[in-house]
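Working notes, structure below.
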Amino acid sequence: MTYCLGILLPTGLVLASDSRSNAGVDQVTTVRKFDLISLAGNRVIAILSAGNLATTQSVTSQLHGFLGSGGPEDLYAARSMFDAARIVGDRLRTTIAHDGPAVQSYGDPSGSFLVGGQITGEMPRLFQIYPAGNFIEASLRSCFLQIGETKYGKPILDRALNPETSLDEAAKLALLSFDATMRSNLSVGMPIDMLRYTADSFSVTNMAMLTGDDPYWNTLRSGYSQGLSNLVKSLPPPPEWQHAS
């Protein structure tokens, strides 16, 4: 299992993924699940993956092989982020159709992706691609998408994230969403790969890999934990309720 999160804002995107992969309690490994494809001044395409690792790695490896080919699956030639999402979805569908029958008896061959970024001529966009290869798009009304182990990190986003949130604030919320997930599920773990992409920059310089001993990560999570504890203590206690017979 893994956890990937994408946040779409008028000012850009926040995209993050953990790195834990496991096939049982004694087969835990660290694998990068955040792939970047970019052309300076023209496009930034981030591909985050969850699910069967062999399937998702096969998809991204094939997509890299098509780069520069000028063919229908060349992400360098995609005219829009919608086309980029369609290319990833089609390749996922093809890969599962090819490998799925052989894998099925050993486990689930499916995978899913978040595809976010910007291609010149349009605003940043964010898509969630399902195992069937179809996809949905984020909007300012529903400005984040998740794949993998999603339930523990969702409440803080539902409460605090909105389209007016700054990229820096969204990045903090994203990391706290990961902290909540890792506290409740051991199948999600460090390091976290995160990109804060500013709209129209076509730059990936604000990319970071946060490890468990990162000073900012530890300051953020300890400050949040202590602040939440102090807030609960400051709230009024419940009244004495009379039992209704």
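Worth a mention:
- The listed residue being under 15 Å from the mean Cα position of the chain (by Cα) and of a type outside the set (D, E), out of G70, G6, G65: G6
- The residues of region 30-45 that are under 14 Å from M207 (Cα atoms) and part of a strand (DSSP E or B), listed by number, are F34, D35, L36, I37, S38, V44, I45.
- Scanning region 182-200 for residues that are within 30 Å of A40 (Cβ to Cβ) and buried (at least 21 other Cβ atoms within 10 Å of the Cβ) yields a total of 5.
- Long-range neighbours under 8 Å by Cβ, at least six apart or interchain, first residue closer than 17 Å to D168 by Cα within region 207-218, second of a type in the set (S, T, Y): L210/Y216; W217/T211
- Restricting attention to region 176-212, the residues being part of a helix (DSSP H, G or I) and hydroxyl-bearing (S, T, Y) number 3.
- One residue from L9, L75, L63, L53 being buried (at least 17 other Cβ atoms within 10 Å of the Cβ) and under 24 Å from I156 (Cα atoms): L9
- Residues (over 28 Å from N52 (Cβ atoms) and touching a residue at least 60 places away in the same chain (Cβ under 8 Å)) located in region 147-172: L161, P163, T165, S166, L167, A170, A171
Condition check ((1) at pLDDT 95 or above; (2) within 18 Å of T150 (Cα to Cα); (3) touching a strand residue (DSSP E or B) at 6+ places or on another chain (Cβ under 6 Å); (4) small (G, A, S)) across all residues:
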| position | (1), (2), (3), (4) |
| --- | --- |
| C4 | yes, yes, yes, no |
| I7 | yes, yes, yes, no |
| S21 | no, yes, yes, yes |
| G65 | yes, no, no, yes |
| G71 | yes, no, no, yes |
| D83 | yes, no, no, no |
| I87 | yes, no, no, no |
| S105 | no, no, no, yes |
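The values are calculated or read from the model by the stated rules, or taken from the named source; none is laboratory data. It should be emphasised that the depicted structure is a prediction, and the values quoted were computed from it without experimental measurement. Positions of Cβ are generated from backbone atoms using ideal geometry, with glycine treated the same way; all protein chains shown enter the neighbour counts.
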